1. Which of the residues that make up segment A:50-64 are more than 7 Å from chain B (Cβ to nearest Cβ), assigned to a helix (DSSP H, G or I) and buried (at least 16 other Cβ atoms within 10 Å of the Cβ)?
2. Checking the structure you have, find out if any residue of segment A:276-287 is of a type in the set (Gly, Ala, Ser), modelled with pLDDT of 90 or more and farther than 20 Å from residue A:205 by Cβ.
3. Among the candidates A:132, A:121, single out the residue that is over 19 Å from residue A:283 (Cα atoms), in contact with a Gly (Cβ under 9 Å, 6 or more places away or on another chain), more than 9 Å from chain B (Cβ to nearest Cβ) and not in a loop (DSSP other than H, G, I, E, B).
4. Take segment B:161-209 and flag every residue that is part of a strand (DSSP E or B) and buried (at least 19 other Cβ atoms within 10 Å of the Cβ).
5. For residue B:232, which of the numbered conditions (1) of a type in the set (A, V, I, L, M); (2) within 23 Å of residue B:38 (Cα to Cα); (3) surrounded by fewer than 21 Cβ atoms within 10 Å (Cβ to Cβ) fails to hold?
6. Of the residues B:260, B:228, only one is at positive phi, in contact with a Pro (Cβ under 8 Å, 6 or more places away or on another chain) and either more than 11 Å from every other protein chain (Cβ to nearest Cβ) or in a strand (DSSP E or B) (or both); which?
7. Considering only residues that are facing another protein chain (nearest Cβ under 9 Å) and assigned to a helix (DSSP H, G or I), look in segment A:156-185 and name the one that is nearest to the chain's Cα centre (by Cα).
8. With segment A:223-311 as the region, which helices (runs of 4 or more DSSP H) entirely inside it contain at least 1 residues that are crowded, with 24+ Cβ neighbours inside 10 Å?
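The values are calculated or read from the model by the stated rules, or taken from the named source; none is laboratory data. Keep in mind it's a predicted model, so treat the numbers as computed, not measured. Backbone-built Cβ (ideal geometry, glycine too); neighbour counts: all protein chains shown.
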Amino acid sequence: MLSYVGRRLLQLIPVLLGMVFIVFMMVRAIPGNPAQVILGQQASPEAIAAMNARLGLDQPWFIQFFKYLGGILQGDLGESMRTRLPVAEEIWPHLAATMELAFFAMIIAIIVGVNAGIVSAWFQNSWFDYIAMILALVGVSMPIFWLGLLGQWAFAIEFSWLPTAGREQVRDPVHAITHLYIIDTIIQGRFDQLFQVLRHLILPGIALATIPMAIIARMTRSSMLEVMRSDYIRTARAKGQKMFWVVYKHAFKNAVIPVLTVIGLQMGMLLGGAILTETIFAWPGIGRYIYDAINFRDYPVIQSAILIVAFIFVMINLIVDLLYSLIDSRIKYD
Amino acid sequence: MNKKRMWSAALLLLLVLSTVLAACGGNGSSGSTKDTLVFGRGGDSTSLDPSRVTEGETFKVTVNLYETLLNFGEQDTTIQPGLAKEWNTDDGLTYTFKLQEGVKFHDGTDFNSEAVVKNFERWANGDADKFPYYKSMFGGFKDDEEHVIESVTADGDHTVIIKLKRPQAPFLKNIAMSMFAIASPTAFEKGDDQFERNPVGTGPFKFVEWKANDSITIEKFDEYWQKGLPKLDKVIFRSYPDNSARLNALIAGEIDLADGINPADGEKIEGNADLQLIERPSMNVGYLGLTVTRPPFDKKEVRQAMNYAIDKKTIIESFFEGRANSAKNPMPPSISGYNDDIEEYEYNPEKAKELLAKAGYPDGFEMELWAMPVPRPYMPDGAKVAEVIQSNLAEIGVKAKIVSFEWPTYLDKASKGEADAFMLGWTGDNGDADNFLYVLLDEDNIGSNNYTYFKNDEMHNLFIDAQTEVDEDKRIELYKKAQEIIHEEAPWVPLAHSTPLLAATKDLTGFVPHPTGSDLLSNVEFK
């Protein structure tokens, strides 16, 4: 097991190195000069030249690349060209905001998606099955932009149940310690604020959960249908076991592997940030951070933020692979 | 069957439960005391040291944290007293500023002539990378030949003397710009990078907290020198990148004031009894630039034909919802030096066709029309405006293909002269004619802000003379003459001077939007 993990981590090195190189070349391939964009239309050519010199953008690309690579190997992710802050310092609040939202959305997606899938498979071709699968189809094809604004209009404006946007009540801001506001409010014993933070998570959480929820539901259903046809299920039923336990214990345990794979992939994607959801709900997450960086051609931020997101993605998939062996003892990694 | 019913019941219960849970939250904004203003805007600031950036979202905050020696008028760019209560000059070379007394920075440091000198020294000792605007406004840095400022010296505690190497007409307007705000020397001497995140000025509000991409909080400075101000206890600037979502937050009562309102939403706000629509005085221009180095736009007749062909009235009514004035000059009428005698090119396709024929294109030609990919106050919907222009041009036989790029690419390619015709605009920095005409159309700015590559020797000389002409009347004449040349040569189709919109809750008073986009909030309160 350990040696497997070690091997997987070693394999990560060429993957990440390749990533660094590809992203480095890609951001330079797109037209647009960072200094010009960051300084804006108002800037004089001298100011742009001076900024290029400070940022080392006047040097050949391979010198820039090896400087950046050298920095990364020493744990230095570079400095934002625009805000002049170290990326390592700047990225965490954004990453934390995205993590909080992604976990919340994933919990919704798993609870609703898995159950909808199981029940659909259990009562295959029933009205529930049809409606759930139609909803799942609608879910994957739903434009988040539209869903988000509609949700704001309905739940925040018409009914005034939920806040429209943001992570916290604006007039009573959370004092950030870890930048994971659920944890911060609990540490500080501010349960009133915790309640507000949870309320702020609901609309963007549901908007973000829609697509993974639909994918998980469909995957669970098809995986369950396959398992439900197996002999041992018939045996369990013949033994007179309660159907509920047959489905949730015996069948689901064997159907869960492909579902877990999908959950892992979706989680990785959610942690990469969701620009549309973050934009509509004014969520200061990693997606907007990277998007803004691209708009300003803030090379170090784009490079390092994508590197971190890619790293998280790979790690989550590694964790999912390890979970397989926990769930199914037939899967061994040595 | 029973189980099915059980499941349905369970699902229903879950739905009801979640609804109840959500409902018991109540309305987030109720019960808030109204001494805090939440200002919703499109983006975050990049720095809180105004001298180091060129970007408006920063100035929106810093204008409330710092003060300048001179101020602009409440809703115009006339020169008013600021940290300097009086000023005078005899020859346009030596300026004497008498400072306000008893003013303190937020950190307790005294504001005096020494502090002013240190601020000017800090800028002059910098470089274009550090203080990008200083170079644009004052010609250069300490050792540069072009640097306009000869010396800044203290004469006693409350008098500052600034000597110039040569007269600079917009000098006082430059001094009044938000980026030349006087900061506490104690604070910036600790290091520029530290200072950017911990701003210290003399303004009505002091800095509290900054959550990146989320919010900036500032609160009342109790020892502010203007008694009775500010009226609010706290201001929170919050970023809502999406215009519709920002308006939703305003309607829901989560914010009190929102900028960047879509012209299309104006009527909806006027029809809402809880809200008020606020118009920002216009100091911008949206235009269609014609790259004069690219045929057939190298011919004056073709450029004039474009001016006759485009139906500005329809564009303004449809996409600015009428909240704009049709433009005939490259700068708005509020700017001193505006030439109102210029006769606007009317919408006249016949005349346009005649001119095309005269230029040798009786059957028209094919061209690329670049549509702005981002909404700006001077161009709320580039793609749709481009479609109108396209159909206008089709009437005179010109086949325009609409192209668009992502914004940085668009600017980059346009500045290299790769566009036939492109949409762009400009919002003024200091309300001076030089800041529009010279910056956007002079040969010195080809490759930066003169995207059309237009060049005219006579006009260039007028601009250079105007920069050092201290007699305001003579200066106005120079700019009027320049506008005649621009009108005749037609490197642009000036489209509109728009009125940017804001919206606020009905009980908000004392908010006076400034044409520069940086709004002082010290008089704002809730009824």
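1. Those that are more than 7 Å from chain B (Cβ to nearest Cβ), assigned to a helix (DSSP H, G or I) and buried (at least 16 other Cβ atoms within 10 Å of the Cβ): A:52, A:55, A:64.
2. Let us first name the residues in segment A:276-287 that are of a type in the set (Gly, Ala, Ser), namely A:282, A:285, A:287.
From what is left, the residues that are modelled with pLDDT of 90 or more are A:282, A:285, A:287.
Then keep just the ones that are farther than 20 Å from residue A:205 by Cβ; that gives none.
No, there is no match, as no residue in segment A:276-287 is of a type in the set (Gly, Ala, Ser), modelled with pLDDT of 90 or more and farther than 20 Å from residue A:205 by Cβ.
3. Values: A:121 fails: in contact with a Gly (Cβ under 9 Å, 6 or more places away or on another chain).
Of the residues listed, the single one that is over 19 Å from residue A:283 (Cα atoms), in contact with a Gly (Cβ under 9 Å, 6 or more places away or on another chain), more than 9 Å from chain B (Cβ to nearest Cβ) and not in a loop (DSSP other than H, G, I, E, B) is A:132.
4. Answer for segment B:161-209, where residues must be part of a strand (DSSP E or B) and buried (at least 19 other Cβ atoms within 10 Å of the Cβ): B:162, B:164, B:182, B:205, B:206, B:207.
5. Here residue B:232 meets the rest and fails (3).
6. Details: B:228 fails: in contact with a Pro (Cβ under 8 Å, 6 or more places away or on another chain).
Checking each option against the conditions leaves just B:260.
7. A:156
8. Numbers: elements: A:231-238, A:252-271, A:275-280, A:286-295.
Of the helices (runs of 4 or more DSSP H) lying wholly inside segment A:223-311, those with at least 1 residues that are crowded, with 24+ Cβ neighbours inside 10 Å span A:252-271, A:275-280, A:286-295.
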